[in-house]
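The structure under discussion appears below in the form of structure tokens.
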Amino acid sequence: MLNFDNLFQRELPGETDAPNRIRQVSNVCWSNVLPTPVSEPHMLAYSSEMAATLGLDDLAMHSQTMVNALAGNTLLSGSTPYATCYGGHQFGNWAGQLGDGRAILLGEVVNVARERWELQLKGAGPTPYSRNADGRAVLRSSIREFLCSEAMHHLGIPTTRALSLIATGDKVVRDMFYDGDPRAEPGAIVCRAAPSFTRFGHFEILAARGELLLLKRLINFTIARDFPELIAAPEDQLAHWFAEVCTRTARMVVAWMRVGFVHGVMNTDNMSILGLTIDYGPYGWVDNFDPGWTPNTTDASGKRYCFGRQPEIARWNLERLADALATVHADHTALEAGLAIYDEVYSAESTRMYAGKFGFTAWQNSDADLMGDVFKLMQFADVDMTEFFRRLVKIDSAHVSPEVLRSAFYREDLFTQYHADFSAWLLRYVQRTNAGGQFDSQRVSRMNRLNPRYVMRNYLAQQVIDSAEAGEPSKILELLEVMRHPYIVQPGCEAFSAIRPDWARQKAGCSMLSCSS
Ligand code: AMP
Ligand code: MG
């Protein structure tokens with residue numbers, strides 16, 4: 001059914017007969033480990049695009065063989081499951097060995113297009129890297145990961161993918177609010193897919209332990225398997241590769257900032273070497289525009305991972321990767337050049353992105369003020385980010401009134417209070433768009449290509465979770481269906497673009513999320 005070709009296992013050292021008990025694992029990149037069977041696997045949803053990419057049709061996805069394999073109850077031919085070893089900096093501090101504590105790789109599948117996809121079960125039971133946890137995942141977080149992976153893909157943002165979402169029939173105990181009141185929740189397993197799940201932390205752990213020969217092997221392997229276009233690099237392949245990682249990371253963060261996505265846990269173990277959005281945990285989507293907003297309750301006091309700091313944190317994470325690479329690369333200036341490329345790419349691509357978001361053909365230096373001023377106003381006046389940009393499209397010289405933007409305001413009193421400020425700003429805006437000399441029709445299509453009509457708002461996901469927990473999983477695919485075409489207005493789908501309702505403002509899952517998942 002699937003053609004496995006497990007290069008990571010074949011070319012990098014691992015433990016093949018090691019006991020599945022929690023411990024430090026040194027001098028290898030992976031440990032063989034079998035998923036722990038679950039009692040009653042049941043397919044809740046799958047992504048038909050991802051299935052098709054792997055050559056799996058509906059019949060295959062519904063087959064008992066596939067459901068069992070995606071639940072970790074049986075093995076597909078060619079699959080030799082394993083968990084990988086990585087470390088990471090968590091909230092700014094070195095945390096030592098982390099590793100795939102609840103993710104088990106089934107292997108690498110090569111499809112008919114000769115693309116390589118690693119398949120990974122998240123929540124399939126303990127591994128040597130499970131630390132003090134159970135290796136499982138709850139339904140609520142699995143729904144969030146399944147939906148958001150695919151939504152991000154459809155938004156055109158680099159991301160790991162999700163193939164399937166399986167209910168296990170087993171309960172998982174979690175203390176969701178960390179208040180000493182744990183409860184048993186339904187368990188689930190997501191099958192994730194990506195060309196590579198390698199993280200910055202895979203390199204960091206080897207550098208930290210001084211396993212430098214292995215670090216070199218992992219670097220060479222990564223370049224050969226995941227960056228084949230760099231093999232021909234004339235000299236200093238490692239520096240070229242690091243620069244490419246910096247470039248891709250910059251592009252990913254530009255895309256996050258464009259749509260109001262906040263990852264929530266940008267630890268270096270959650271940074272993909274391919275520049276993919278990875279590890280959907282307590283992520284969130286900006287409703288009312290606020291650069292200081294973080295969806296993660298653990299981050300509420302420090303706000304290290306808030307919306308506005310993501311570009312800076314991504315760079316900090318790249319610096320930690322550079323530190324690791326520096327242990328095997330004498331030319332540190334070459335690595336610094338990579339970091340400078342991050343700054344350049346971020347700056348060039350974010351200004352281009354913001355220009356497009358506001359409907360300008362190109363960025364002018366004076367746009368920084370225009371943009372900064374409206375971002376401040378949006379923050380003070382509690383304005384919804386997604387709705388604002390879809391309404392801003394409607395502004396033209398014949399309709400220069402904040403009334404056009406009214407639906408983006410959460411509070412009537414603030415609409416009134418800031419009416420004059422928005423009027424003044426809109427006049428500047430209209431002047432600027434006219435200064436570009438382009439037809440409004442072009443501006444509209446340019447803006448609507450970059451400003452999604454539908455994003456996976458926190459409360460939308462929570463509504464889907466509430467009904468799935470109540471035994472009605474069909475809303476999962478209903479939401480995914482809308483998110484498949486996020487830039488196009490879909491008649492009858494107004495409920496999916498509505499700004500956050502009042503009831504959701506402080507509700508758990510709709511405003512803040514804990515890491516407990
Ligand atoms: P995260 O902050 O979710 O990216 O996870 C950090 C580390 O904790 C990783 O090594 C995860 O594999 C591990 N981890 C998180 N949740 C669990 C769990 N339920 N069981 C085992 N390991 C976990
Ligand atoms: Mg993680």
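Accessible surface for residue 94 stands near 110 Å², nearest 10, in the context of the full protein assembly shown (1.4 Å probe).
Compute the separation of the alpha-carbon centres of the range 463-486 and the range 126-198 and state it in Å as a whole number. Cα centroid to Cα centroid, the span is 16 Å. Working ranking of peptides 333-340, 497-504 by packing, defined as the average number of other Cβ atoms within 10 Å per residue, highest first, is 333-340, 497-504.
Only helices enter this figure: runs of n ≥ 4 DSSP H residues, each worth -39500 (n - 2.57), summed and divided by the residues of the chain, yield -13000 deg cm²/dmol at 222 nm to the nearest 500. For the pair residue 361 and residue 226, label points projected 7 Å from Cα toward Cβ lie 4.0 nm apart. Each residue of the range 116-131 was assigned a 3J(HN,Hα) from its phi angle through the Karplus curve 6.51 cos²θ - 1.76 cosθ + 1.60 (θ = phi - 60°); the sequence is 9, 10, 7, 10, 9, 8, 9, x, 8, x, x, 9, x, 9, 6, 6 Hz, with glycine and proline shown as x. Among the listed pairs 303/357; 171/507; 303/394; 394/475; 394/507; 122/357, which have their C-alpha atoms separated by more than 28 angstrom in this model? Pairs exceeding the cut-off: 303/394; 394/475; 394/507; 122/357.
Across the chain the C-alpha pair distances fall into 20 Å bins from zero in the proportions 22, 55, 22, 1 percent. Annotation for the range 1-78 versus the range 364-380: alpha-carbon center distance of 48 Å. Proximity of backbone amide H atoms, modeled 1.01 Å from N, is registered between residue 162 and 150, 193 at under 5 Å, excluding neighbours fewer than 5 places apart on the same chain.
Heavy-atom accessible area, probed at 1.4 angstrom with all protein chains present, ranks 77, 366 as 77, 366, highest first. Near residue 55, once Lys and Arg are set to +1 and Asp and Glu to -1 for all other residues with Cβ below 15 Å from its Cβ, the sum equals -3.
Here the simple spin-label model places points 7 Å from the Cα toward Cβ, and for residue 403 and residue 508 these points are separated by 4.5 nm. Distances between placed amide hydrogens fall under 5 Å for residue 33 paired with 82, 83, all partners being 5 or more residues away or on another chain.
Between beta-carbons, use under 11 Å as the cut-off and find the net charge around residue 243, counting Lys and Arg +1, Asp and Glu -1.
Neighbour charge sum, excluding residue 243 itself: -3.
Each residue of the range 36-43 was assigned a 3J(HN,Hα) from its phi angle through the Karplus curve 6.51 cos²θ - 1.76 cosθ + 1.60 (θ = phi - 60°); the sequence is 8, x, 10, 7, 9, x, 8, 6 Hz, with glycine and proline shown as x.
Were the residues from residue 421 through residue 94 laid out at 0.36 nm apart, the gain over their Cα-Cα distance would be 113.1 nm.
Spin-label model, residue 18 to residue 445: label points 7 Å out along the Cα-to-beta-carbon direction sit 5.5 nm apart. Note that the range 262-343 shows a convex hull volume over its alpha carbon atoms of 102 Å³ per residue.
The values are calculated or read from the model by the stated rules, or taken from the named source; none is laboratory data. Here the structure is a predicted model, which means the values were calculated and not measured. So basically every Cβ, Gly included, is an ideal-geometry build from the backbone, and we count neighbours across all protein chains shown. Each accessible area value is taken on the protein alone, full model and side chains, heavy atoms only, with ligands, DNA and RNA left out. Shrake-Rupley method; radii C 1.70, N 1.55, O 1.52, S 1.80 Å.
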